[in-house]
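K.L.:
One structure, pasted below without further comment.
We did not get these values from a lab; they are worked out from the coordinates using the rules stated. Remember, predicted model here, so these are calculated numbers, not experimental data. Virtual Cβ from ideal backbone geometry, glycine too; neighbours counted across all protein chains shown.
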Amino acid sequence: MAALTNLPTDLLRTFIAVVELGGHSRAGALLGRSQPAISLQIRRLEELVRAPLLSQEGRTIQPTAAGTVLLGYARRMIQMNDEAVGYFHRGPATDVLRIGLPTDYAVAFLQGAITSFIQAHSDLDLEVHCDLSRELHQHLRADELDVIVATMPAARMPYLSRVWVEQPIWAAAEDWRGAAHRPVPLGAHPEGCDYRARMIQALDATERRWRIVYTGPGISGLQNAVLNGLCVSALTRATMLPGMRTLTEAEGFPALDPLRVGLFYKHPRLSQAGLQLVNDVLASLDRIGAEARPPQG
């Protein structure tokens, strides 16, 4: 029987850092190693898996196809390693964990995973920042946030841990009835919101007139504007409220293009508590997805 190959966690941690930080020098600065030492570790890991893991595109380092596969395994292996070490090396938490959420997800997550997490980790300082997805990505790149949930402008992005598809739906008050000869009254988040763009693109494609009658950064204000009959808007099933109904194509509201949403974090920078929060958020995502799916039968 051939001997099994073991992948050392220090090599995997280095590989994750190079991919997530975009270079050997930055990874070395984070891990306290020289650039040649980082390069040597990557070569050693490539020898163990018998495949090239990184490719250079100009000044950008990207994982190869094999590297992308290994990255998923590496994150899970390092996470399990850190959980085990954290269990046997418990100590007082002193970190501030900063999480960024788009406004549509703030309600669902704050009432679920994050609230439960805060209650279970009263000795940890947690900061939650709600903003447009494009702003959250910038804050993560600038190390101003540790974990974000945000829409994805591209299929492949740095720091991505989990991706799923969200289907926006047209929402209106149950008694709302639009007049065909008048522009559709839209409620939306500020310019730059993906849901706002989806609504405008869909209506423009059918040459239906529209006008923005409500703009606000918070999901609660938008929900109230819809419930009060002031406007219609694009929401997710998780943010639909009693008293709302879904508008259909038969009423002149074409299907909205789906959105790719991801959970992003810089693995090498996360504490054990941060990794636990990622697990809790993923579990919350799975629950929300199951509740939003129509029953089978």
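K.L.:
Could you pull out the longest piece of the chain with no exposed loop trypsin sites (Lys or Arg not before Pro) in it, calling a site exposed if DSSP puts it outside H, G, I, E, B and it has at most 15 other Cβ atoms within 10 Å?
P.N.:
So the longest stretch without any such site is 210-297.
K.L.:
Let me ask something else. With N set to the number of residues, divide the alpha-carbon radius of gyration of the chain by 2.2 N^0.38 Å and report two decimals.
P.N.:
1.17
K.L.:
For region 165-178, in order, what is each residue's ³J(HN,Hα) by Karplus, 6.51 cos²θ - 1.76 cosθ + 1.60 with θ = phi - 60°, in whole Hz (x at glycine and Pro)?
P.N.:
Rounded to whole hertz, the list is 9, 10, 9, x, 10, 6, 10, 8, 5, 4, 9, 6, 9, x.
K.L.:
Relative to the present Cα-Cα distance, how much length would full extension add between residue 224 and residue 88 at 0.36 nm per residue of separation?
P.N.:
Result: 44.1 nm gained on full extension.
K.L.:
Can you list the HN-Hα couplings for region 202-209, worked out from phi with the Karplus curve (6.51, -1.76, 1.60; θ = phi - 60°), rounded to whole Hz and with x for Gly and Pro?
P.N.:
Each residue of region 202-209 in turn: 5, 6, 4, 5, 9, 6, 9, 6 Hz.
K.L.:
Residue 154 to residue 119: extension gain in nm, 0.36 nm per residue of separation minus the Cα-Cα distance?
P.N.:
Here the segment from residue 154 to residue 119 would lengthen by 9.1 nm.
K.L.:
Would you mind estimating how fast region 169-257 diffuses translationally, via Stokes-Einstein at 37 °C and 0.692 mPa s with the Kirkwood radius over Cα pairs, in µm²/s?
P.N.:
257 µm²/s
K.L.:
Using the beta-carbon distance between residue 4 and residue 204 and R0 = 51 Å, what value does 1/(1 + (r/R0)^6) give for FRET efficiency, to the nearest 0.05?
P.N.:
Approximately 0.30, to the nearest 0.05.
K.L.:
At 222 nm, what helix-only mean residue ellipticity would the chain give, in deg cm²/dmol to the nearest 500, using -39500 (n - 2.57) for each DSSP H run of four or more?
P.N.:
-13500 deg cm²/dmol
K.L.:
Loop only per DSSP, at most 16 neighbouring Cβ atoms within 10 Å: give me the GluC sites (Glu not before Pro) in region 116-171, ordered by residue number.
P.N.:
144
K.L.:
Continuing with the same structure: Across the Cα atoms of region 9-88, what radius of gyration and what greatest pairwise Cα-Cα distance (Dmax) are found, in Å?
P.N.:
Rg then Dmax for region 9-88, in Å: 12.4, 44.
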